[in-house]
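Notes follow once the structure below has been shown.
The values are calculated or read from the model by the stated rules, or taken from the named source; none is laboratory data. Please read all numbers here as calculations on a predicted model, not as lab measurements. Cβ placement follows ideal geometry from the backbone for every residue including glycine, while neighbour counts extend to all protein chains displayed.
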Amino acid sequence: MRSRQRAHAPKSIDTVQLVAFVVAGSDYAIDIMRIKEIINPVRVTPVPKAPAFIEGVIELRGAILPVVDLRKRFDLPATPPTRATKLLIVVIEVAGRRMIVALVVDGVSEPLRVAREEVRPPPPLAQGEAATFTGVVHAGDDRICMVLDLDAILSSKEKVTLASLSGA
Amino acid sequence: MSAPFSLATEETYLRAIDRHEARTSRAVLTFVVGGETYGVDILHIREIIKMRTLTEVPRTPAFVIGVISVRGLVIPVLDLRARLRLEDTPLTRAARILVVDRDGEPFGLLVDAVSGVVRFTESEIEPPPATLNVADGSFLSGIGRYLSGRRQRMVILLALDEVVSFQVTR
Amino acid sequence: MSDGPTEKALQEFLSEAQEIVEAFNRDLLTLDEERAQGRSDPDVVNDAFRAVHSLKGLSGLFGVTRMTNLSHNLENLLDSLRLGRVELKPAMLDLLFEAVGQFHRVIGETAEGQAGDAQPIDDLIARLDAAALQRAGKAEADPFNGYQLDPGLLSVLTEYEEHRLRENIKAGRTLYRIHAAFDLMTIDKELDALKGRLKPIGEVITYLPSVEAASDQQIELDVILGSARPLDEVTLAIEGLTAQVAVIPRGRPAHVESAPAPEVIREPAAAAPPKAPAPTIDPPPEAARDKAAAREPHPRDLGERDELSLKSVAQTVRVDIRKLDHLMNIVGELAIARAGFQGILDGIKGDRSQVVLARALRHELRSLGRKLDELQAGILEVRMVPLGQMFDKLARVVRKISRDAGKEIRLTITGADTELDKLIVEELSDPLMHVIRNCIDHGIEKPEARAKAGKPEAGAIRIWAEQRGNHVVIAIEDDGAGLDERRLIEKAVARGLLDPAQARELSQREIYNLIFLPGVSTKEVADQMSGRGVGMDVVKTNIARLSGIIDISSQPGQGTRLTITLPITLAIIQALVVRAAGRTYAMPLNSVLESLLVTHNDVVTIERREVMSLRGQTLPLARLERVFALERGANQPAPGRQFVVVVGLAQHRIGLLVDELVGQQDIVIKPLGRALENVPGVAGATELGGQQTVLVLDVAAIVEEAIATQVAAA
């Protein structure tokens, strides 16, 4: 179901609002301000000769959006979609352009409101993907969510490719 | 590299939403009568005119406050307060006559003030509650809720067909 | 209010007439020139015809009888010229130029208020008529070129049709007879469709009702077509229609019979001078008949009209009447704008520094006003259609019903060329149809009963129409048993519409008019034809909706006459603007008989009803403010002197008390919309300029109400 944001101003500059979600059993979070909407999976149309990082495209109300599978991005095994599978429709800045991308996730867990200082630096464990994460937060139940840096999930080359497909 | 499609930027994405909303939602003209906010689908509104001298018509129900000429047509004007059996409050300069259209037949509805236009999707409109402080629930077609600033607001949507149906018996 | 036109209007008419006569003169000069060169432009003849036609109409309005008569006869001559019936000879041109001189003389004398001499005009008219009768055709040895046509057919053809028939034969075309069946309800459309198919391949000379119809719902016609095409092409043209085609062979009579019953006699319309006396049931006097015959020498003038329109099809356009309504609305709005300018003019009138401007403005306004009037008259004229087509429909219905009812009916129709607004004609056909049904079912007795009463076995129904000023009167008369007063009273009493005590007070006329009350005219047992639950009350309502008045009179054993008086048009009417209790209303002038200034002393109360004495008669009064329950504001006290507007509905008269008479104005009545269309006493609304919207009173309804309350109070 669509739940479009109606321009809520953050309570204070010192808190961040995040949305937590699951990819291949691990918890992640992204800044709520980057999420346009969360939708149920729709049919993904494969695109011949498309760059590998694009699974295909979906059509949402007449707009064509590229689909990026986060599991592949993280080199995690893909699982068949379940009822919990969602698409996060997010804004990614590429080559000076604000593109809309659909991210496949295994489930959306909860919105988080945390003080800025509660966002800790990423642990050395996630070294290989260090560039992709800006920090970690505790999400209750002793769960730890890795805060995803959306602008870093695509390489510069991929971003240029994506921008070139925006046509505009 | 050319592609048979072009991926959405934020701008085209937002435009697609607007177009979609325009297609699937109803624009409702909201106005105030007796302190409540009411609404009528904007498709039914021909125009909004300032209060002007009415020509009274004898032998009509009290809520028919007269006729006016609008673009060469003579149309009856109903006092919406009287029609909805609300308390009488004095008119101010904000009073307007909504020229509405019902099956091609124009009517004027006198309201205290016009507020604006609000868009509702079908899911944002509830059926009218059984009890409401309007004596006759048949004049209502639903309740629309929306946010104005941070406040929840409510619009009583009028069943225009009912409002403008009345009998003048010989 | 005086009947005659105002001095100002008369002067305006005269200057207009002057212009038209001058244009007519120019046309004649052109004709003369062309004749000398051996050619003739039909457009010029048409122009001249139109000029004379306008003169006839205008002078009729202003009661300048000599001009009307002369233009009427000129019109005939020019019509003959137009149709090629007569040839333009120098002697005829002399006559036409003489007419120009006479027109100038009449205009001059009328301007000076002189009655003038009618003799020279009558002399000229006689010579014009004689000229119109001089046929162009030379006697031919065998006009029908070997065709032996049924004399029965020839006798029903109009002159024009006969002329076309000869022309077709002369041109060596084959005559075809196409027998086609039409649904009674859709005959007009179907016939148009058939004509449309035939037009490209030939000329429809005439169509006549066939003898036998296959079913009651159908009417069959024989169409005579002249065509140069072979039979198979004609057959192809009508493919898909329920019609058969046959060649009318040479040397054998074309077998076309006209329907034997009812015998439809078409009398030419009596020449109606502007203030014709009320027609009687008697046929028009011989003199009038002769004159009419000279003007329209053929009994079926309507058939000819149809043919004419066929012939001049390239110059006619079909227009949606709503477009004309729209144009009329615009004219109304222009009149309002003009009133606005008048207001500006009035505003600067007293200002000495604006004298020049005011004069210029007044001048322009006057000419604008005149042009607006012309525009309005033009649009109204376009809306006018002759009643003939509807009368034809009635004739078919008479034929069918009389056969079903086993009664023989002789139907006479007069005044089929009387014109009415198309919308009114359309709305009229159902009510008239019903009246005719009533006539045949209830009015005309069975043949045996008629024989016993010493009447001819065939019942006579006469329908006539004529224009009287801005109204058209249509009457339907039968020579049947007449209305049964006792039954009418019994029924009205039984229906609770009348109490027996009241019944004794009623005049004979009032008793006859009981037939228009709901339930009085409906039969208890529904029969096939008239027992559809529709009574005369519905007829009356329909007529009232057209601002018409219906009246009935009867002579026991001798017959019944129903008269319907209708305004010529509903699009624009003259209205009297009045004020009562601070409100302004418009009253259609056609329902206003007169208006009087009265004081309190003139009004007397009898049995709690206000009345006044008018020329020895007691006139019941109704105060408009009470009729409409108007509240008088503190600043609107009832004036000491008030006006009584005397209004009438059939024989009923009442005086409507109002505070003030504002004046007369042409208005366009606009409906109040579906929601308010039934407000009793209100016919609609109109704009009076300065954005002022006022209600137009439904005078008939108000009078009726007043009478009803009187009866109730009595």
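From the list C:Asp123, C:Asp79, C:Asp129, which residue is at pLDDT 85 or above, in the same structural domain as C:Asp43 (by TED's automatic domain parsing) and part of a helix (DSSP H, G or I)?
C:Asp123
From the list C:Arg653, C:Arg674, which residue is out of contact with any His (no Cβ under 9 Å at 6 or more places or on another chain), surrounded by fewer than 20 Cβ atoms within 10 Å (Cβ to Cβ) and in contact (Cβ under 8 Å) with a residue 40 or more places away in the chain?
C:Arg653
Output the residue which, of all residues in region C:632-676 that are assigned to a loop (DSSP other than H, G, I, E, B) and facing another protein chain (nearest Cβ under 8 Å), is nearest to the chain's Cα centre (by Cα).
Filtering region C:632-676 for residues that are assigned to a loop (DSSP other than H, G, I, E, B) and facing another protein chain (nearest Cβ under 8 Å), the one nearest to the chain's Cα centre (by Cα) comes out as C:Pro671.
Test of understanding: among C:Glu426, C:Glu466, C:Glu445, which residue is part of a strand (DSSP E or B) and charged (D, E, K, R)?
Only one candidate qualifies: C:Glu466.
Search region B:9-26 for residues being within 19 Å of B:Val118 (Cβ to Cβ) and in a helix (DSSP H, G or I), and hand back the single one that is farthest from the other protein chains (Cβ to nearest Cβ).
That would be B:Ala22.
Looking only at region A:146-168, filter to residues that are within 13 Å of chain B (Cβ to nearest Cβ) and among the polar types (S, T, N, Q); which one of those is farthest from A:Arg97 (Cα to Cα)?
This residue is A:Thr161.
Under the condition of being within 14 Å of chain B (Cβ to nearest Cβ) and more than 14 Å from the chain's Cα centre (by Cα), which residue from region A:75-120 is surrounded by the fewest Cβ atoms within 10 Å (Cβ to Cβ)?
By that ranking, first place goes to A:Gly96.
Quick one: how many residues across region A:64-89 are basic (Lys, Arg) and in a loop (DSSP other than H, G, I, E, B)?
Residues that pass the stated criteria total 1.
Could you list, in sequence order, all residues of region C:597-629 that are assigned to a strand (DSSP E or B), of a type outside the set (Lys, Arg) and either within 14 Å of chain B (Cβ to nearest Cβ) or crowded, with 16+ Cβ neighbours inside 10 Å (or both)?
The answer is C:Val598, C:Val603, C:Glu610, C:Val611, C:Met612, C:Leu614, C:Leu619, C:Pro620, C:Leu621, C:Ala622.
Is it the case, given these coordinates, that B:Gly108 is closer than 26 Å to C:Leu697 by Cα and part of a strand (DSSP E or B)?
yes
Looking only at region B:136-165, count every residue that is free of Cβ contacts under 8 Å to residues at least 40 places away in the same chain and in a helix (DSSP H, G or I) and tell me the total.
3
Mind checking which residues of region B:58-74 are assigned to a loop (DSSP other than H, G, I, E, B), at the interface with chain C (Cβ under 7 Å from one of its Cβ atoms) and buried (at least 16 other Cβ atoms within 10 Å of the Cβ)?
B:Pro58, B:Arg59, B:Thr60
Take region C:196-217 and flag every residue that is loosely packed, with under 15 Cβ neighbours inside 10 Å, modelled with pLDDT under 75 and out of contact with any helix residue (DSSP H, G or I) (no Cβ under 7 Å at 6 or more places or on another chain).
Once the filter is applied, which keeps residues that are loosely packed, with under 15 Cβ neighbours inside 10 Å, modelled with pLDDT under 75 and out of contact with any helix residue (DSSP H, G or I) (no Cβ under 7 Å at 6 or more places or on another chain), region C:196-217 yields C:Val211, C:Glu212, C:Ala214, C:Ser215, C:Gln217.
Would you tally the residues in region B:78-97 being assigned to a strand (DSSP E or B), of a type in the set (A, V, I, L, M, F, W, C) and free of Cβ contacts under 8 Å to residues at least 60 places away in the same chain?
So the count comes out to 1.
Quick check: is even one residue across region C:335-347 within 27 Å of C:Val472 (Cβ to Cβ) and surrounded by 16 or more Cβ atoms within 10 Å (Cβ to Cβ)?
yes
Select from region B:27-57 the residues that are buried (at least 17 other Cβ atoms within 10 Å of the Cβ) and touching a helix residue (DSSP H, G or I) at 6+ places or on another chain (Cβ under 8 Å) and write down the one among them that is nearest to the other protein chains (Cβ to nearest Cβ).
Residue satisfying both the conditions and the ranking: B:Val57.
Considering only region A:65-74, I want to know if a residue exists there that is away from chain B (no Cβ under 11 Å) and touching a Pro at 6+ places or on another chain (Cβ under 6 Å).
Checked against the condition, which is being away from chain B (no Cβ under 11 Å) and touching a Pro at 6+ places or on another chain (Cβ under 6 Å), region A:65-74 yields no hits at all.
Which is buried (at least 19 other Cβ atoms within 10 Å of the Cβ) and farther than 27 Å from C:Thr686 by Cβ, of B:Thr9, B:Thr89, B:Thr24?
B:Thr9
Could you list, in sequence order, the residues of region C:338-363 that are within 20 Å of C:Asp666 (Cβ to Cβ) and either in contact with a His (Cβ under 6 Å, 6 or more places away or on another chain) or free of Cβ contacts under 8 Å to residues at least 12 places away in the same chain (or both)?
Answer for region C:338-363, where residues must be within 20 Å of C:Asp666 (Cβ to Cβ) and either in contact with a His (Cβ under 6 Å, 6 or more places away or on another chain) or free of Cβ contacts under 8 Å to residues at least 12 places away in the same chain (or both): just C:Asp346.
Cβ-Cβ under 8 Å, sequence separation 6+ or interchain: first residue in region A:148-168 and of a type in the set (Asp, Glu), partner part of a loop (DSSP other than H, G, I, E, B). Which pairs?
Pairs that qualify, where the first residue is of a type in the set (Asp, Glu) and the partner is part of a loop (DSSP other than H, G, I, E, B), are A:Glu158/A:Pro51; A:Glu158/A:Phe53.
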